[in-house]
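Asker: Let me give you the structure first, and then I'll get to my questions.
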């Protein structure tokens, strides 16, 4: 027990910073998730195109690559944070869904649609959108996609 107390005393400043960062993440993550859900086009899950890619389709290849790398890195961070939130406080499944919308991988659209079709997930997303005065997401109910 003395060794544990000594270790905590030696790393007190680092532990304080980690505590502050955890608190900030706990407070800021729901705001970011809400903003992304609200800004998502209502037909996002009906379209086969990636709406974010439309924004820089005609850009210089270097800019496209930089945006693609940034978008995928942010997506991975959201997916990892969402996985942690499955056991910690937070909107784990919604955070994973936001991360998946940012990351590019084969079968992405099918997985996104399967998650968003879950009754509780769909309800939570549309509840956030309705509170912001946005129309509910249009989601195809075809299970064979």
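Every number in this text was worked out from the coordinates using simple rules, so none of it is lab data. Keep in mind that this is a model prediction, so the values were computed, not measured. Backbone-built Cβ (ideal geometry, glycine too); neighbour counts: all protein chains shown.
Asker: For Cα extents along the principal axes in Å, the choices are (i) 47, 36, 30; (ii) 37, 31, 28; (iii) 60, 40, 30; which was calculated from the structure?
Answerer: Recomputing Cα extents along the principal axes in Å here picks out (iii).
Asker: Taking the 0 to 90 degree range and rounding to the nearest ten, how far is the long axis of helix 12-39 tilted relative to the main principal axis of the chain, both from C-alpha atoms?
Answerer: Compared with the principal axis, the helix lies near 10 degrees.
Asker: Right, here's the next one. Listing 119, 6 from the residue with the fewest other Cβ atoms within 10 Å to the one with the most, what is the order?
Answerer: Ordered from fewest to most neighbouring Cβ atoms within 10 Å, 119, 6 come out as 119, 6.
Asker: Based on the Cβ-Cβ distance of residue 140 and residue 65, what FRET efficiency does E = 1/(1 + (r/R0)^6) give at R0 = 30 Å, to the nearest 0.05?
Answerer: After rounding to 0.05, the efficiency reads 0.45.
Asker: Test of understanding: what is the full-extension gain from residue 80 to residue 108, defined as 0.36 nm times their sequence separation minus their Cα-Cα distance?
Answerer: 8.5 nm
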